[in-house]
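Here, each number is a calculation from the coordinates, and none is a lab measurement. The structure presented is a predicted model; accordingly, all values stated were derived computationally and were not measured. Here Cβ is always computed from backbone atoms with ideal geometry, including for glycine, and neighbour counts include all displayed protein chains.
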């Protein structure tokens, strides 16, 4: 869902920020002109905000309970949390606070993209034990590990923006939105060091056997039409996410999520084959139904797998 708000009233601007971020905001030094524009794409588990604010912003934040990242295009964003001070400038990306700790931030004449990620998304991509939630999530640094990881994070956000901005069936598909949320969480963990990344354990390798693979495949094939991720597959296989990954890699030369995509691709082909001419079914709608957000990428994967474009299957 897209919401847009703009105001030249500082009191209204403060209310917008309190509503959007759930924290106390103090604004000062209001210049002439329009001080605030706030556009938000919200999907429930994550939000992408595009903000332009031409006044001084001071924030005192209680623990947010979610992960907040900022990528300024103009102006600088300073913040303090857990005794650490950081300044994020144009072209940079930073995590603003530890999710479970208070903090403060300040900026002036800021144009920024911010991303809010529910902690459940990190549970879904980084939980070591499917029966023990990842708590508390802590970042070892508010800065990205390298420029390349930062670039990949930005590309992931742009991709998510393009998908949800498209609207229609792709924007509404639970499989598409669930996959996008986990993709953003995974990109964040790859870009910012945290306690969510752990080394392989002996028990993971011991559990990477044929029985684990068999249970995981059975679950994937029965639940492919629902919004499932790696943790769900691991729970169904009665083992850890890492053990499931190792089992697929060692015995099939692939990953659990790649196997899930292939199963969904087969199901999309089934629907294309069964479609009746004139019933209004489109390739994009069927692709979205099975979790493929971009019709062009879907078509390329379909062509590589089946030797024909999905449109041809539909027409036939």
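Taking a ≥ b ≥ c as the square roots of the Cα gyration tensor eigenvalues, with a/c under 1.5 meaning rounded and otherwise prolate when a/b beats b/c, else oblate, which class fits the stretch 161-230? It comes out oblate by the Cα gyration axes. Shape summary: the stretch 2-156 maps onto an equivalent ellipsoid whose semi-axes, from the alpha-carbon gyration tensor, are 27, 17, 15 Å in decreasing order. For the chain, the mean residue ellipticity at 222 nm estimated from helices alone is -14000 deg cm²/dmol, where every DSSP H run of n ≥ 4 contributes -39500 (n - 2.57) and the total is divided by all residues, rounded to the nearest 500. Taking the empirical scaling 2.2 N^0.38 Å for compact globular proteins as reference, the stretch 175-289 has a Cα radius of gyration ratio of 1.24. Note: relative contact order over the stretch 73-162, using C-alpha pairs below 8 Å and six or more positions apart, is 28 percent. In the chain, the longest principal axis of the Cα atoms and the axis of helix 174-191 are about 60 degrees apart. Distance between the 7 Å Cα→Cβ label points at residue 262 and residue 166: 2.4 nm. Here residue 296 and residue 249 are evaluated by their C-beta separation; at R0 = 22 Å the FRET efficiency comes out at 0.15.
Using a cutoff of 8 angstrom between alpha carbon atoms and counting only pairs six or more residues apart, the relative contact order for the stretch 1-134 works out to 24 percent.
Between 0 and 90 degrees, the angle of helix 10-21 with respect to the longest Cα principal axis of the chain falls at about 30 degrees. For the stretch 173-205, the residues whose amide N sits under 16 Å from a probe point set 7 Å from the Cα of residue 285 along the beta carbon direction are 173-174.
I want to verify a result. In a Gaussian network model of the chain, Cα cutoff 10 Å, which of these has the top mean-square fluctuation: 113, 239, 19? Per the Cα network of the chain with a 10 Å cutoff, 19 tops the list.
Every Cα-Cα pair of the chain was included, and the share exceeding 36 Å stands at 27 percent.
For the chain, the longest principal axis of the Cα atoms and the long axis of helix 295-306 meet at an angle of about 20 degrees. When you restrict to C-alpha pairs under 8 Å that are six or more residues apart and normalise by the size of the chain, the relative contact order lands at 13 percent. The modelled label-to-label distance between residue 312 and residue 3, using points 7 Å beyond Cα along the C-beta direction, is 4.7 nm.
Once you reduce the stretch 197-269 and the stretch 73-88 to the center of their Cα atoms, the two points are 39 Å from each other. Cβ-Cβ distance of residue 15 and residue 129, R₀ of 35 Å, FRET efficiency by 1/(1 + (r/R0)^6): the value works out to about 0.25. Ignoring solvent entirely, what values of log10 I(q)/I(0) come out of the Debye formula for the stretch 260-315 at 0.20, 0.30 Å⁻¹ when each Cα is a single scatterer? After summing over all Cα pairs, the log10 values are -0.61, -1.42.
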